[in-house]
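Accompanying notes for the structure given below.
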Amino acid sequence: MMKKVVKFICICLVLSIILCFKNSSVINESKSTNNNLNKNLNLNAMAKVIENFNLSDIYSVLDTYSGDLTGYAANCPLCNGSLGCTGQNVLDGTTTYQDSTYGLVNIVASSKNLPCGSIVRFTNPFVADEQMTAIVLDRGVTGTALDLLVQSEQFATESIGRRHIYYEVLRFGWTKAKA
């Protein structure tokens, strides 16, 4: 009989210990409150903030180069009218390209120092009053020079000539990273 009483007490003791631990565990509750009286999120403001983050990222400078800027037309004596990177025919007067990230950009030729699809930004007051953004879609120059695709050889020689510029690389090739 004594063994049964001891056994019963041990079982009760074990159960009480288990129940004590179960009830003593800390339960954290967190409550969030919205102090905005009309309880609405301003989705336009949030979209603007996200857009500003994205724009600051795509316009951050990855590298800076120094070189000569010249101009060329698709029908120049050494040109065949096709862009070296895409094969696109530009004899129709096309001088810009619609990029999915940077929008409408000018077309430049570069050496293989810059991969096809690279985005560059430079200032040339003889061509435009503001900074120009361009994409490398052609080859045919050496070193760090750039050759801006324009509507005619006359415009290239009279308005651009050969100018020393500094230009910023915003994208190396079709991806953001430097190859």
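Before moving on, here are some points about what is shown:
- Any hit, the range 122-130, residues being closer than 14 Å to Thr70 by Cβ, touching an Asp or Glu at 6+ places or on another chain (Cβ under 9 Å) and not small (Gly, Ala, Ser): yes
- Among the residues making up the range 122-140, those that are touching a residue at least 40 places away in the same chain (Cβ under 8 Å), under 23 Å from the mean Cα position of the chain (by Cα) and closer than 26 Å to Pro77 by Cβ are Phe122, Val136, Leu137, Asp138.
- Residues that are part of a loop (DSSP other than H, G, I, E, B), within 21 Å of the chain's Cα centre (by Cα) and not polar (S, T, N, Q) within the range 88-121 comprise Tyr102, Leu114, Pro115, Cys116, Gly117, listed in sequence order.
Listed here are the residues, each with its yes/no results for (1) surrounded by 14 or more Cβ atoms within 10 Å (Cβ to Cβ); (2) among the small types (Gly, Ala, Ser); (3) out of contact with any helix residue (DSSP H, G or I) (no Cβ under 6 Å at 6 or more places or on another chain).
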| position | (1), (2), (3) |
| --- | --- |
| Gly93 | no, yes, yes |
| Gly103 | no, yes, yes |
| Asn106 | yes, no, yes |
| Lys112 | no, no, yes |
| Asp129 | no, no, yes |
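- Qualifying position, being at pLDDT below 90, out of contact with any Lys or Arg (no Cβ under 6 Å at 6 or more places or on another chain) and within 19 Å of Thr157 (Cα to Cα), among Asn106, Asn75: Asn75
- Scanning the range 141-165 for residues that are closer than 13 Å to Leu69 by Cα and either under 21 Å from the mean Cα position of the chain (by Cα) or in a loop (DSSP other than H, G, I, E, B) (or both) returns Val141, Thr142, Gly143, Thr144, Ala145, Val150, Gly161, Arg162.
The values are calculated or read from the model by the stated rules, or taken from the named source; none is laboratory data. Bear in mind that the values here come from a model prediction, so they are computed numbers and not experimental data. Backbone-built Cβ (ideal geometry, glycine too); neighbour counts: all protein chains shown.
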